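Student: What follows is a structure written as structure tokens; I'll ask about it next.
The values are calculated or read from the model by the stated rules, or taken from the named source; none is laboratory data. Keep in mind that this is a model prediction, so the values were computed, not measured. Glycine gets a Cβ as well: all are built from the backbone with ideal geometry, and neighbour counts include every protein chain shown.
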Amino acid sequence: MTTSRVIVNNFLRFFVLIALQVLVLNNIYLGGFINPYLYIYFILLIPYEVPGALLLILAFITGAGVDIFTNTLGLHSSACLAMGYARPHIIRMISSGPDSLIGDSPSLKNQGLKWFLYYSLSLILIHHFVLFFLEAFRFTEFFTTFLRVVMSSVFTLLLVLICEYLFYPKEK
């Protein structure tokens, strides 16, 4: 895929995911413990060759996009920065080397189910852990907050996998 096409696709993906998050998913609050945050799918799919500084800028802008519309004063920006900072380390930990990274960006189609599950679940857990504990900002509700982290992470992971299967089907 050409560079300009990758940029346009990521630009559109960014706006669609932010709009979907702000207009639809922020209104879903299942059982008081599950909040889906699909907008972080944008950070998960950023191409491998994006330099670290640009990755952090993109992560910050992604979080700030949600913060602006939800009036959360940097909670999402902080969580996305933590996720963006951890991303190269997670990729290095679960990959056997640069030759094992197939394709332009992480995806179920390129890397397979096991790799993609480790990758996305690790980053989703980091994002949700930072987001929910900054939101609570006290340890008196540690177990309640931890339950929210786990349940929201599982639900977000399911949404990410659904998107992977819908928009990036495996070729036969």
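Student: For Ala86, all conditions in the list (1) within 18 Å of Ile18 (Cα to Cα); (2) modelled with pLDDT of 95 or more; (3) of a type in the set (A, V, I, L, M) hold save one; what is the number of the exception?
Tutor: Unmet condition: (1).
Student: Could you say which residue among Leu157, Leu166, Leu147 is of a type in the set (A, V, I, L, M), closer than 23 Å to Tyr85 by Cα and in a helix (DSSP H, G or I)?
Tutor: Leu157 is the lone residue from the list that is of a type in the set (A, V, I, L, M), closer than 23 Å to Tyr85 by Cα and in a helix (DSSP H, G or I).
Student: Can you pull out every residue in segment 35-60 that is of a type in the set (Val, Ile, Thr) and either touching a strand residue (DSSP E or B) at 6+ places or on another chain (Cβ under 7 Å) or touching a residue at least 40 places away in the same chain (Cβ under 8 Å) (or both)?
Tutor: Scanning segment 35-60 gives Ile40, Ile43, Ile46.
Student: Residues that are under 15 Å from the mean Cα position of the chain (by Cα) and surrounded by fewer than 17 Cβ atoms within 10 Å (Cβ to Cβ): find the helices (runs of 4 or more DSSP H) completely inside segment 1-94 holding 2 or more of those.
Tutor: Helices (runs of 4 or more DSSP H) meeting the threshold: 3-23, 52-70, 75-94.
Student: Looking only at segment 95-118, how many residues end up being over 22 Å from Leu166 (Cα atoms), hydroxyl-bearing (Ser, Thr, Tyr) and in a helix (DSSP H, G or I)?
Tutor: Counting residues in segment 95-118 that are over 22 Å from Leu166 (Cα atoms), hydroxyl-bearing (Ser, Thr, Tyr) and in a helix (DSSP H, G or I) gives 1.
Student: Report whether or not Ser122 is without any contact (Cβ under 8 Å) to a residue 24 or more places away in the chain, under 24 Å from Ile18 (Cα atoms), in contact with a helix residue (DSSP H, G or I) (Cβ under 8 Å, 6 or more places away or on another chain) and in a helix (DSSP H, G or I).
Tutor: no
Student: Of the conditions (1) under 17 Å from Asn9 (Cα atoms); (2) in contact with a helix residue (DSSP H, G or I) (Cβ under 8 Å, 6 or more places away or on another chain), Glu49 clears all except one; give me its number.
Tutor: The failed condition is (2).
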